[in-house]
Structures are given as structure tokens and as C-alpha cells.
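The values are calculated or read from the model by the stated rules, or taken from the named source; none is laboratory data. These numbers were taken from a predicted model, which means no experiment stands behind them. All Cβ positions, even for glycine, are placed from backbone atoms using ideal geometry, and neighbour counts span all protein chains on display. The protein model used for the area step is the full one, side chains on, heavy atoms only, and it has no ligands, DNA or RNA in it. Shrake-Rupley method; radii C 1.70, N 1.55, O 1.52, S 1.80 Å.
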Amino acid sequence: MDKCLPGGFLQRDFLLSVEKPARYMGGEMGAVTRPDAEVRFVLAFPDVYEVGMSHLGLRILYNILNGEPWVAAERVYAPWPDMEEHLRSDDIPLATLETATPLCNTDIIGFTLQYELSYSNILNMLELAGIPLLASARGAKFPLILGGGPCACNPEPLADFFDAFLLGDGEDAVLEIAATYRQWKHGGGTKDELLHRLSLIDGVYIPSFFSVSHAPDGRVATITSLKPGYERVRRRIAPDLNALPSPTVPVVPFLKTVHDRVSMEIARGCTRGCRFCQAGYIYRPLRERTPAQVMEKIEETLRNTGYDEISLLALSAGDYSCLTPLLQGLMHRYAEERIAVSLPSLRVGSLTPEMVAEINKVRKTGFTLAPEAGSDRLRQVINKGITEADLLETASQVYGAGWRLIKLYFMIGLPTETMEDVLRIAELARQVKFQGKRSGNGGEVNVAVSSFVPKANTPFQWEPQISYEEILDKQQFLRQELKKRKLNLKWHDAPLTVMEGVFARGDRRLGKVLLEARRLGCRFDGWGEHFSFARWQQAFAAAGIDPLFYHRRRELDEILPWDHLDSGVSRKFLLAEREKALGGIYTPDCRHGACSGCGVCDFEEIRMRLNDPTSAVAAGEGARPIETADVERIRLRFQKVGRMRFLSHLEMLNLFIRAVGRARIPIRYSQGFHPHPKFSFATALSVGVESWAEYMDMEVDAGFGAERLMEALNQVLPEGVRVMESQLIPLKSDSLSVIITGTRYRVRFPAGAVHRLPQLTDRFLALDSFPHRREKKGKLVEFDLRHELINLSATTDEVVMDIRRGKPMEYVAAITGQLPEQLNRATIEKLEVLFT
């Protein structure tokens, strides 16, 4: 079979046999479908759907590209191993979610490079799509393979597989790339001509336009440009965050994702200068979004999604100039709607009593602090800029405001670290816990420790990475010390750190290793249950490369694999910061003092852009009171058909929660710490069953009305879910589960799949009893199928049954004498619910 023949998963029987069908079904609210677009641009995330759908950058690019009528942005994620098995066994090409277009029939595939351990997934996705892995083997008939994201600051390990990389901010560049491709596509031409045109775009790096040689010891000997005037590629920087679009109608997934909320970027870049932090250097300069725009975008997004949580994103959200008035505005606007606000990147010392007072108005979403190092000395080395006293004061404020748990993040293996520094991690965590006990709020502490990995474009890019054995020793030491203090430790697995360190500062020779690792079956290496250190060691051996070569100290005059790529931060500045680190000298935050001379700003277009901290934030009208004195209860009947049959009961619950929020229905909430909308379903429908008779009850403010509720929901529900009936019922009515007496199903078989079906049905009806047993949650459940059957009829290829208990396929198996797996091509419909 040609791998580029039309794909699509919805018509495949196996979708019911994979772990989460909603990963592959598409059709989410906010998804854009353009079958006839001139340019089909695939945004590819090399990890599972739940992780990729949480990524804000992908949402932004999806919104920008789909804003142009001639281009279609579509999505694809790495299929989980159970899905991959079906794709390979049935020779089905990996396809997009929006139009089920095989990837090899698209124009551009843009991979986001977020994490080094996703590289094997990229190769696996190309392989599943039937696309040659090596760029040199792909002619003009294959899609352009593009990469971008933080790992693009050193993309050399992937150079053999990619046609182009985008360095830096993608909001403006992505349309330039698509438009350039469109012109080339209409005019015809060779792939080399396309690559030449792309190289003229600021920030686009064409790896095939550079030749790299290596010395006998493995170090880079030369990096030679093969195109005159293209000796160095500079990172693309968007000058003003406020001029960039922010998606207010994002795709809303049916299943729970890692970050299931409104994500609003309030600032990009950071001025703190933590010397280990790659993001702090490659996203410079600091650019803040105005609070007015933040408020406006959040309001639009909430109404288009139905989310009940807002996350304010920045490398250091606590440093945002107008954070306190912004929080006050958000709380005034949304606290009554029980919409929570989270600040995932608050910095020690940036929390003020005013911030605490505002966050305290809604449910606590958790509090995380990142001291990074255990001792003040080592924090000075890494330029963290906080002291032990700062941390303990912050912890006291957090516990005093009502939080019971603080998560502490540290690193081991930082330059100049001693075992005394490691011991201080345990002692500092104990002191934080003590602050909680003093406050009377418990004082729970979770300690998480990762191992330091030197990264490109940081002052520590020349430093060695500690060995596998040293990581294990320090982890064991910390476990023992924390156990003495009755604290628990979570850590990053040492083999994963080893691999991350190889590729973070790797070169083009690692392409051979990646090819071999893919041949051995490596993928999902960031997931412990799928990572195989043994396979990777085998791949390194086969390629004749020692992975420890990449953990070594770099000489200060050594050519680094990424030296032809310009992040904007000068090498001179990075070397100076390294010297300061070794001397324990602090570099002040340039937000408040003199310019530190990093080289990024031209002080005209590219410069720091800060808000006036005295700016007022217009909060708009306060939200409606969440509850009136009176309430009414409404019973709904709705259908669940088409692709929606693949949604689980929990996913349907999530769908209606989002729909209620989007429609701004005055739903009532349960009491307690985490209130939930007050609605309940009659029964949980099995995945794969279509239904014309799903029932649920909702409690809303009195006077809203049954007809209005039905209309409001149908305006926001996705295709395949529609409310058919809506009826006001007495508030004290019996619950749906109490009044149900049975359910009517229809089971249809492919023609000729079951012989003499009417006769088999009559024979089953003639029985007095048919005992049945099945295992449910580890327990054996026994009941009698014949006794639970109310009515049964059959034609040549279908059965209609009214049953009190059991699953339709259990009855069909009993009637036909076939095993359920032999009948997996049958379709099941729920026709009606029988009530008392």
C-alpha cells in the first residue's frame, strides 16, 4: 500500500481498541477545516496529544496561519504505542486531525522542538508518514520539514533530517515562510531554489547550506558556509508583544490535557540572568504585554472556551510590572464565577501581601517555589539573586495565606557544587516545613530535584555535566537526608539526564545515533515506561560514538557546534558571566539598573518594553452573582452520534462543563473547596456506542428556562452532540438513576456475519435462565442475562433489545454463541431509556 493514500482513523474499527480514542478523532471545538487550501501547513508536536494540546506556541501559530484564507494549519501528534501498532500493522499513514490528510500529501510540516528527548519521536512520525528521514533523500515532491522552538538554538543533532529551522520568535516569520512556499509552489522550481528563498527570511537556518568537519578527537574543526553572505544566522526577535496576535478561539480538547486552562502570556523574556537558564538568554529582551490587552484577551478566551482557570505565563510572572493591579482586576471580574488564577512561575521574593490577598479569593491552585540550590553561596554562583531568608519569608507568607503544600524545586550538579550544598537542600526544605507549622496550616513540603544539564547559549555552556554515577550518589544521599527530616523526594531519572545532556550540546555526528536508535525502536524517550537506556547504549556503540564525549568540559576557544547561530547574546558576555560565576559575583537585574551589556538590544526597535507599574487595570463590570435565591431543575435529552461516540463518560462530562461556561449558563455549583457544576447524567454510555437517548439533569438559576437552556447549549455543542428535548421538573424529583427501568439498544451486523439470527433469538427467548459472569474492577460480578432481558426481537442482520442490566454485546454473544471479539464489526445504538 502507498503510504500516501488517504488515511483517517474514524472509520477504523481499531479506534475502539486504543487507550484514548479522543486523541485521534479531531472535531474539537475551535478546530478549523479547509479541505481546499493552497498551502497545507502541519503543526507537529512530537509527543502525545495531551502534552501537545497544552502548548501555547502551537495554539498561537495555529491561530495566525488559519487567519489567512489560502493556508490551512492542521495538527498532528505522536501516536501512543497502541495506536502506532495499528498504523503499522494495517499500513495506515500518519494523518492530520483536521482533514485526515496523510502527512506526505501536505506542504510543510513544522515540528516544535521543546525537549531533546522527543527527537526519536520526530523520526518515528516521519517514518509512520512514509517520508524519508534524511533531508538529502527528499525531493520537491515531499513536504518541507521545518523545526522551531527552544531546542532550535542548537539543532545540529537534527541537521540531517530537517530542511530548515526557525530561530527565535515565530509569529511573524511563520507567515513569511508559508507565503514563500506558496510562491514557489505556484511557480514551480527545485527544492534548492525553495531553500534559497527561505534562507532570505530573517531567522531561517538552512543546515544544508553549511559544511561541518570534525577533528580526529571528535571536536568540531570547521563550520563553513556554502552560500556567500550566509555565514551566520541570527535569532528572530518580535519587538513588541502587544503587536503579536494571541489566540482567543483556541481548539478546546475533549479530554483532559496537561494544562486544561486559559494560558495567557503576560511577558516574554527575563532580566534576572540565572546562569543555568537557557530560556532566560534565548528569549531576551524582556517584553511585557499591557494589562489592558491581557484582560481583553482573557475575557474573549474564557467566553470562547468555557475554561474555569486562568494561567498567567511568563518566565518570572512575579516580576510583571503590573501584577498586583492585574490580579485585582481579574479577581474583581471573575472571583464570583469561581474562575481561578494560577501563577506557575512566581519567584521567591516577588510575592507581596497584596498578591496573596487577591489569589486567596479563589481556590488554591498550588504553590511552587524554585530555590534551585541549597546554599546561599551556590545561589550566588548561578545568579539566582535570592537568599535563604527570602525563601523562608515567602514560605511563611504562603502558609499564612492558607496554602497547606509548597513544592520546592532544586538542582544537583551545578558548577562548583559540593556535598555541603547538597546537604543544604534537605536542611532548607526542613526549615520551609517549619514555617508551615508555625502558621498552624500544616506545612507540607514536596521536594523535587533534577540534575543540571549545561545548555547552549548560557554562561555554563562550557561546563562539564556530572556523571551518571555521581547523579545516583547524590540522589541517594538526598533521599536519606530528607527521610531523616520526614520529607519525600521526587527526582529526574539519571539515564534521562544523561541522554538530555548528550543532545543539548550535541553535533551533527549524533544523526547516525538517532537513525540507529530509531531502527532499534526508540520513541517516547521522555516517558520512563518507554525509555530504554540499553537500546540507546547499543545505538551509540553501533555509531562508534561515546556519549560521555558530550558531557565533557569545553575549552573556551573551542568551536562549538552552534557557533554559526546567533542567539543575540554575545559570546563575550557569556564568558564574562562564567567568570563572575566562578568568582561568586552577582550580576544585577538590568530591569532596575544599568545595562549588563548582553548584546541583544539595539535600544531602538529591539529593547526592553515594560509597563508603567502605576497603570490602573480596567476590570470591567463585576461578574454576575453566582447564585440567586431560587433554583430550577431541568431535564435534558440529547444525542451522541458520529465521532462523538468515541468520547468516554468523563470526556462527555468535561465537554458539558466547557459548554456551560461558553454559553454563560447560570449553573449552580456544589459546596466545598473545589465546587463543581450541579448536573448529573442518567448512565455512563460505553465508548463506541451511538445514542439517541442520553439524559441529564441540570440545576440553574430560577427563571432561566428549559427552552432557553436547550438553545444556549446547542449553540456551543460540537457536531454530534445535540439537545433534543428540555423539560422543567420539580426540584425534589427522583434522580434519573432511580427511575430508569431499562434501556433499548439496536445491534447491527455486517451482512452475513451472523447466520439464522431470528432463529438464534427465538432459541434464547425459550431459555429459562442464562447465568453470566464478568470481572469488574478486580471483582467477579454475576447475574442472569435471561432474567434481565425485557424484550428481544431480530431481523436478518440486527437485534433490538430492552434490558435492565448488562452490555448489549454480552447479550449478542450469548444469543449467537460467538465471542464478543468475533463480533467487533457490529455497531451499537442506544435508542431509548425506559422509565417508571
List the chymotrypsin sites (Phe, Trp or Tyr not before Pro) within segment 50-106 that fall in a DSSP loop (any state other than H, G, I, E or B) and whose Cβ has at most 16 other Cβ atoms within 10 Å.
-> TRP70
How much space per residue, in cubic angstrom, does the convex hull of the C-alpha atoms of segment 90-132 take up?
-> 90
With the charge dipole of the chain built from beta-carbon charges (+1 for Lys and Arg, -1 for Asp and Glu) about the Cα centre, the Cα from GLY147, ALA702, GLY110 projecting farthest to the positive end belongs to ALA702
Projected onto their principal axes, the Cα atoms of segment 403-539 stretch, largest extent first, over whole-Å spans of 57, 32, 25
How large, in percent, is the carbon and sulfur part of the accessible surface of the chain at a probe radius of 1.4 Å?
-> 51
For segment 576-584, in residue order, the Karplus 3J(HN,Hα) values (coefficients 6.51, -1.76, 1.60; θ = phi - 60°; whole Hz; Gly and Pro = x) are 5, 5, 4, 5, 4, 4, 5, x, x
Divide the volume of the convex hull of the Cα atoms of segment 291-332 by its number of residues and quote the answer in cubic angstrom per residue.
-> 77
Pairwise label distance in nanometres, ASP762 with ASN714, each label 7 Å out on the Cα-Cβ vector | 4.4
Can you give the % of DSSP beta bridges in the chain that are antiparallel, to the nearest 5?
-> 55
Exactly which trypsin sites (Lys or Arg not before Pro) in segment 429-486 are in a DSSP loop and have at most 11 other Cβ atoms within 10 Å?
-> LYS486
Grab the DSSP H runs of the chain that are 4 residues or longer, score each as -39,500 (n - 2.57), total them, divide by all residues and round the 222 nm result to the nearest 500 deg cm²/dmol.
-> -9000 deg cm²/dmol
Global form of segment 128-178, assessed from the alpha-carbon gyration tensor, a/c cut-off 1.5 = oblate
Taking the chain as the reference, fit the longest principal axis to its C-alpha atoms, fit the long axis of helix 291-305 to the helix C-alpha atoms, and give the angle between the two in degrees, 0 to 90, nearest 10.
-> 30
In Å², what does the accessible area per residue of segment 520-581 work out to with a 1.4 Å probe?
-> 44
For segment 638-689, what Kirkwood radius comes out of the mean inverse Cα-Cα distance, in Å?
-> 12.3
At a temperature of 37 °C and a viscosity of 0.692 mPa s, determine how fast segment 14-78 diffuses translationally according to Stokes-Einstein, using the Kirkwood radius over alpha-carbon pairs as Rh; express D in µm²/s, rounded to the nearest whole number.
-> 258
Using only alpha carbon positions, build the gyration tensor of the chain, then give the equivalent ellipsoid semi-axes as the square roots of 5 times its eigenvalues, largest first, whole angstrom.
-> 48, 35, 27
Along the principal axes of its C-alpha atoms, what lengths does segment 379-431 span, in descending order and rounded to whole Å?
-> 37, 20, 14
Nearest 0.05, what FRET efficiency do ALA238 and GLN727 give at R0 = 51 Å with Cβ-Cβ as r?
-> 0.45
Kirkwood hydrodynamic radius (Cα pairs, Å) of segment 1-138?
-> 15.1
Report the charge-dipole magnitude of segment 395-506 in Debye, nearest 20, computed about the Cα centre from +1 at each Lys and Arg Cβ and -1 at each Asp and Glu Cβ.
-> 780
What are the GluC sites (Glu not before Pro) within segment 152-243 that DSSP puts in a loop, where the Cβ has at most 14 other Cβ atoms within 10 Å?
-> GLU231
Taking only C-alpha positions in segment 745-836, Rg and Dmax in angstrom work out to 13.0, 38
Considering the convex hull of the alpha carbon atoms of segment 657-725, report its projected area averaged over all viewing directions, in nm², one decimal.
-> 5.4
